[in-house]
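The values are calculated or read from the model by the stated rules, or taken from the named source; none is laboratory data. Note that the structure is predicted; figures quoted are calculated from it, not measured. Please note: Cβ atoms are built from the backbone with ideal geometry, for glycine as well, and neighbour counts cover all protein chains shown.
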Amino acid sequence: MSNNSNNAATPNHTNCDCPPGHCQQKSVALTSLREGQTAVVCAAMTSMPTDDAAYVRALGLRPSAHVRVCRAGQPCIVEVLSGASDDSACCQDDASLAGSCSCRIGLSRELAQHVMVELPR
């Protein structure tokens, strides 16, 4: 994993993999969420090393993935919720995901701070 020590959440990012206008400056770092909060992954910052970005995507943290924070801190444990990966479901609450499959993953804080998410509207 990378050794970047920048811990600042970035509420307004320009290095986004999302469709134009999707995030509308509402995105925050995954590390800024509290336990129990849900969000939709916007993008992994391009400042993340290529290998780390590929690893995060392989874990299921890709644009439009719904996540719930199970444990904030180090490690950051998130539940990746399946069942809503299209833009039409983006940023809605996760009630529509009831009965879906999910998995929990642990990320270092260093890695999680680069994953940008959007809170439900």
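Some values worked out for this structure:
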quantity: Residue match in segment 72-94 (condition: surrounded by 19 or more Cβ atoms within 10 Å (Cβ to Cβ), at pLDDT 90 or above and touching a Pro at 6+ places or on another chain (Cβ under 9 Å)); calculated: no
quantity: Odd one out for Ala9, checked against (1) among the aliphatic types (A, V, I, L, M); (2) in a loop (DSSP other than H, G, I, E, B); (3) under 13 Å from the mean Cα position of the chain (by Cα); (4) at pLDDT 50 or above; calculated: (4)
quantity: Any hit, segment 54-65, residues being part of a strand (DSSP E or B), at pLDDT 90 or above, closer than 16 Å to Leu111 by Cβ and out of contact with any Gly (no Cβ under 8 Å at 6 or more places or on another chain); calculated: no
